[in-house]
Structure formats: structure tokens, C-alpha cells
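Some notes on the structure that comes next.
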Amino acid sequence: MNALLRTWGPGLGLAVAACAVLPWALPPYWIYLAVAAVVSGVLMQSYGVIVGRAGVMSLCQMSFAAIGAWVVLRLNLADAPGGFLLWLLLGGLAAVPVGVAIGLPALRIRGVNLAVVTLGFAVSTDIVLNANQFPGTTELKTLVRPEPFSSDAAYFVLAMAVFVLIAIGLALVNRTRIGRSWLELRHSERAAAAHGISVARSKLTAFAISAFIAGIGGGLMAGQLGLVVSGNFAMMQSLALFAVAVLIGPHNTEGAVLGGIFGAVMATVLEKLRLPQDLGGILFGVMAIFALRSGVSQTDFTRARRRERAARPLLESPPADEPAPVPPAAGEGNVLEIRGLSVRFGQVVALDGVDLTVPALGVCGLIGPNGAGKSTLISAVTGFAARYEGSVVLAGQPLDRLSPSVRARRGLRRTFQTTAIAPELTQEEYLAIVAGRRLPRQEAAEVLRFFGCPPGEVPVSILDAGTRRLLDVAAAIAARPKVALLDEPAAGQSAAESLALGRRLAQVPARFGVSILLVEHDMDLVRAACGQVTVLDFGHVIASGPTLDVLDAPAVRAAYLGTVLEETS
């Protein structure tokens, strides 16, 4: 409760103050503009979900708003029971199935292609609305606001209450597994799937929630205006608000407020201040340059700088001591069994009948020269390769034909050679996303300290590349899978840091109960971490067994040096 008050206390206080002061302090026209700004802020919150959090280029949010307005006006025309507040809710719900339907193409396409699909829906909505007027337009039956919200001043209070309720609801959703998954989607769908997140469910949920909020916003607009026309929800409105969303960042509450003000009343404010209307375009252009330069929205940039200033003293603390050695774990049997694994890309055979096992509570190495098929094997085992022959069995359960996210939830986690961590997260938050559960602070601190990472409050944005790699490994271990497949985790590390990482990895099975399959080129790290090693060359296993024996084998030395070494007498 105290944390909730600290988070929302100032904002709720400002909202109450605005509701108590503005309706009585402003002249009627400015009250009307204030209502428009709050309604626009609600619409911006829908962009905050789909654009800001999930990173999807949706250009049809105003089409969802049109659905909400249409339902509200249709119920008003029919004098349906329940009143305006119930109609408002029904308008938002009516937009949900349409949002899910529009989100279905997002399961296979993304980026500009998806933007074109959503823009096509916005164009179609324009055509339909121009051919068919909103309910009540022909009959001239306007929507009469219910008591006690009949005046603009009272309706401002209602709109503000809706805005605050949506903001609190989204904040609660953002703390859930599905809310955290949106940030993963925005930066890397592959990483999200590797962390056990269902990409399809996350995307469709984002579309559904954003459509619901947009439908609510459209209903509020109908209540504000009494009657609406197609121009209120035109395609260009969606494009303009999308641009504002990218620049300002409405997934942050203050961004939604600023976006609502900018989108609804900027032109009037400039006119009242006797400033040229071109100034609005100049401000928009300046913000666009700023967003392109920083790579983030205005509110994200401000928040990141504030968090970085607070966290920098933590980076200056002395590095964590290397953990004390732990006796090797003693597991029984194999936790991962790969049999006859073959992968072909057209006529190219990347893997040919590979057999590999990882013992329970063991650390195994997978090495070989560039192009040997190591990363292909990890992709196939974790479900990212489209097709393969052979079998993958985890703890006695076959994983073949399962998606990457399901395999991850079954206990098979992986890292990638290139990290894709949302920079606005703290390390603790990232660990919680990857773990898929609420991670106690003490547990998160233990894992981070074990791998030599800074304290958990430090944001990812100020970590160097090497530390981000360590954080990725720490997150994979914090998920407590049965097996973690680590793809070159020492990238960006110095020789000493790489050797220290190897000693830490050797202790992971005993300390955290996680077996490891390690892909690495650093032989010193392999010697320090691995009890046994499998060597690939041109997709074939050329050696497998205890680490020192394998690394000294002539065939392995020949594969790395490209020639057969002559033995000296």
C-alpha cells in the first residue's frame, strides 16, 4: 500500500486538484478545451499500449474509437437501458473483437508491412463512415449527458476519472506477466519466445486492450460533442496521433497527458497567445529530431536520465567478490538428450545426425570452428529452426514440434549472441521478465552478485556491452530452467573476465540446480567451466568426452588449425 501511494499519490493529488479547480477557474470555452484534452489523453493511452509498450505500428486506433462512438450513439438512439456509463463500457467492449481481428495479421507480419495493413483498415473505416452516418445524425437526436455530468465542468470530472482509472489499470497490467511481455516484444520477439512468452497471446492482448481503451475514448468524444461525424475519426487523425505517440511516449502517464494537450488544444493555445500556428509545426519538428537523435520518446528519455543519475553512484561501488567455490553437483542420468539431429537449408546440410547429451547438474561445452553448426544446433533444440530431423528430449519428455515459448516454459532456456534488452528496464525488472515470476529482491540480488553484475536498481541503459551479456546469462539462470543453452556468453569480456565467468559457470549446477550447454570459442573459459565437450565440424560430431582429452585430440586441433599436426618424436 505504501509503495502504491508513493507511485500514485502525487498523480492522484494533481488529478483531484485539477477536478476541483479547473472547472471553476476557467472560462467555459477553456473548460470545453480541457475536456477535449482529457478525451484525447484517453485515446493516447490506447497508443501507449500498442505503440509505446508493444512496439507495434498501428495506424487505426481512431477506427476503434469510431466503433465505441457508434455503439454509444446507437444505444442512445434506441433509448437503451443502463445509461451513458454502461453504454461507454459496451462501446469499449465492442471494439475488442475488431482489435483482435486486426491483430491477427501481426502474428506473421510486422513493421512497415503491418502498418500498411492497419492503415488499410483505417481507410476502409473512412469509406464506411462516409457512406453511413453515425446513429442520431439523420434524426438529429443528440446524446444527452446524464446527471450529474450534464455541464462541461462536470463532464471534465467524469472524463478525468475515466483517464485515471485507465492509467491505474494499465499500471497494474504492466506489473503482470503479460504486461512485462510487451516490452520484450518491442525489442525482440525471438528473445521473448526464448523466455517462455507466447508472442501471439501477447500481441493479441495488446491489440484487444488498446482497442478497448480507444473505444472508451470514442464514447467519451460522443458524450462531449453530442453527435459526431466521420471527420472526427478520419485516417489522418490516426496518423497524427500515432506521430505524437512516437514522439512523446503515451505509455507513460505524463506522456498521455502531454499528448492529449498537444493533440487537442495546441492550435487554440497558440491562437489565444497570438502566436503563429506554424510554431506548433516547429515544436513538432524539434521533438521529432530529438526522438530520432535519442532513439526514445521524450518521456522515456526524461525518465531514463532521472534513473541513470540516481543509479550512477551504485556503479562506483567496489565489484562483487568472486563467489566461493562450491563442490561439484552430482546428478544422475541425462537431463537433455539430442539424437540424430539434422538440419538442412535447401541443399546445404548444416547438421548431419548429431548426437549430444547434457548430464543432470553438469556443464557441457559445444565447440567448433566458425560455420561448424553450433548456433544452428541451439536454434533447432530450442525450437527456432523451422524444420529438423531427429529428436530432442528434456528430462524424459520429447520436445519435438513444440514452439520455442513452450520449450522455454518446459525448462529449456537460451541466450543469443546479440543481446536485446529493453534499456528502460532495471536489471531487477529484466530478471523478473525472463524468470516469468515475481522475483524476490534478495534472490535477484544473489544472482546478480554471483555473476558480478551491478546492483539490481541500475538501469540497463548505462551498462556496457559486456555487462549486458552477463545480465543475460544471469537472467537465464534466474529462471531456474532444467538446461540453459548459452551462446558465446563471454563476448565483450576481457581474458580475465572471461576466465572468471568460466569459474562461475562451473558452479551454477550446484548453486542453482541448472545444467548448462555452453557454446564458446574461448578455450580457457571452456576448460574452466566444462566437465565434458562435444566438437562439431561441418555439421558432424568429430569428438566428444572429457574436456582435456577432447581438446588435446589431434582431430580437434586439426579442425581448429586447418591442418593435421605432425606428432614430434
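Return the residues of region 488-500 that are in a helix (DSSP H, G or I) and touching a Gly at 6+ places or on another chain (Cβ under 8 Å); say none if nothing qualifies.
Across region 488-500, the qualifying residues are GLU497, ALA500.
Going residue by residue through region 238-252, is there one that turns out to be without any contact (Cβ under 8 Å) to a residue 60 or more places away in the chain and surrounded by fewer than 19 Cβ atoms within 10 Å (Cβ to Cβ)?
yes
Which residues, taken from region 508-522, are in a loop (DSSP other than H, G, I, E, B) and either among the hydrophobic types (A, V, I, L, M, F, W, C) or touching a helix residue (DSSP H, G or I) at 6+ places or on another chain (Cβ under 9 Å) (or both)?
Correct list: VAL514, GLU520, ASP522.
Residue-by-condition table, conditions (1) of a type in the set (Gly, Ala, Ser); (2) closer than 30 Å to ALA380 by Cβ; (3) touching a residue at least 24 places away in the same chain (Cβ under 8 Å):
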| residue | (1), (2), (3) |
| --- | --- |
| GLU446 | no, no, no |
| PRO459 | no, no, yes |
| LEU470 | no, yes, yes |
| GLN507 | no, yes, yes |
| GLY513 | yes, yes, yes |
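For region 536-555, does any single residue satisfy the condition of being over 22 Å from ARG339 (Cβ atoms), open to solvent by less than 10 Å² (accessible area, probe 1.4 Å) and aliphatic (A, V, I, L, M)?
Looking through region 536-555, none of the residues is over 22 Å from ARG339 (Cβ atoms), open to solvent by less than 10 Å² (accessible area, probe 1.4 Å) and aliphatic (A, V, I, L, M).
Condition first: hydroxyl-bearing (Ser, Thr, Tyr) and open to solvent by 20 Å² or more (accessible area, probe 1.4 Å). Now tell me which residues in region 413-425 satisfy that.
Listed by number, the residues that qualify are THR418, THR419.
Would you point out which residue out of MET221, MET235 is open to solvent by less than 50 Å² (accessible area, probe 1.4 Å) and closer than 21 Å to TRP30 by Cβ?
Going through MET221, MET235 in turn, just one is open to solvent by less than 50 Å² (accessible area, probe 1.4 Å) and closer than 21 Å to TRP30 by Cβ: MET221.
Within region 193-207, take every residue that is under 12 Å from the mean Cα position of the chain (by Cα), farther than 14 Å from ALA432 by Cβ and hydrophobic (A, V, I, L, M, F, W, C) and give me the one that is surrounded by the fewest Cβ atoms within 10 Å (Cβ to Cβ).
VAL199
I'd like to know if region 398-412 contains one or more residues that are in contact (Cβ under 8 Å) with a residue 24 or more places away in the chain, under 25 Å from ARG504 (Cα atoms), open to solvent by less than 50 Å² (accessible area, probe 1.4 Å) and under 20 Å from the mean Cα position of the chain (by Cα).
Scanning region 398-412 turns up at least one residue that is in contact (Cβ under 8 Å) with a residue 24 or more places away in the chain, under 25 Å from ARG504 (Cα atoms), open to solvent by less than 50 Å² (accessible area, probe 1.4 Å) and under 20 Å from the mean Cα position of the chain (by Cα).
Is it the case that ARG312 is modelled with pLDDT of 70 or more, open to solvent by 50 Å² or more (accessible area, probe 1.4 Å), of a type in the set (D, E, K, R) and under 30 Å from PRO359 (Cα atoms)?
When the stated conditions are applied, ARG312 does not pass them.
If I go through region 519-528 residue by residue, how many of them are open to solvent by less than 10 Å² (accessible area, probe 1.4 Å) and either more than 16 Å from LEU485 (Cα to Cα) or of a type in the set (Gly, Ala, Ser) (or both)?
0
Looking only at region 354-397, filter to residues that are in a strand (DSSP E or B) and without any contact (Cβ under 8 Å) to a residue 40 or more places away in the chain; which one of those is most open to solvent (accessible area, probe 1.4 Å)?
Among those residues, the one meeting the criterion is GLN397.
Quick one: is ALA465 of a type outside the set (Asp, Glu), under 24 Å from ALA304 (Cα atoms) and open to solvent by 30 Å² or more (accessible area, probe 1.4 Å)?
yes
Quick check on region 480-490. Is at least one of its residues surrounded by fewer than 24 Cβ atoms within 10 Å (Cβ to Cβ) and of a type in the set (Gly, Ala, Ser)?
No: region 480-490 contains no residue that is surrounded by fewer than 24 Cβ atoms within 10 Å (Cβ to Cβ) and of a type in the set (Gly, Ala, Ser).
Regarding ALA65, is this residue farther than 21 Å from GLN237 by Cα and either surrounded by 24 or more Cβ atoms within 10 Å (Cβ to Cβ) or basic (Lys, Arg) (or both)?
no
Quick check on region 427-461: of everything there that is within 22 Å of PHE301 (Cβ to Cβ) and touching an Asp or Glu at 6+ places or on another chain (Cβ under 8 Å), which residue is most open to solvent (accessible area, probe 1.4 Å)?
GLU457
Let me confirm something: among ARG145, ARG177, which residue is farther than 27 Å from ALA422 by Cβ, of a type in the set (Lys, Arg) and either surrounded by fewer than 20 Cβ atoms within 10 Å (Cβ to Cβ) or modelled with pLDDT of 90 or more (or both)?
Criteria check complete, one pass: ARG145.
The values are calculated or read from the model by the stated rules, or taken from the named source; none is laboratory data. All of these numbers come straight from a predicted model, not from anything done at the bench. Here the Cβ is made from the backbone with ideal geometry for all residues, glycine too, and neighbour counts use every protein chain on show. For the accessible areas, the whole protein counts, side chains as well, though only heavy atoms, and no ligand, DNA or RNA atoms are used. Shrake-Rupley method; radii C 1.70, N 1.55, O 1.52, S 1.80 Å.
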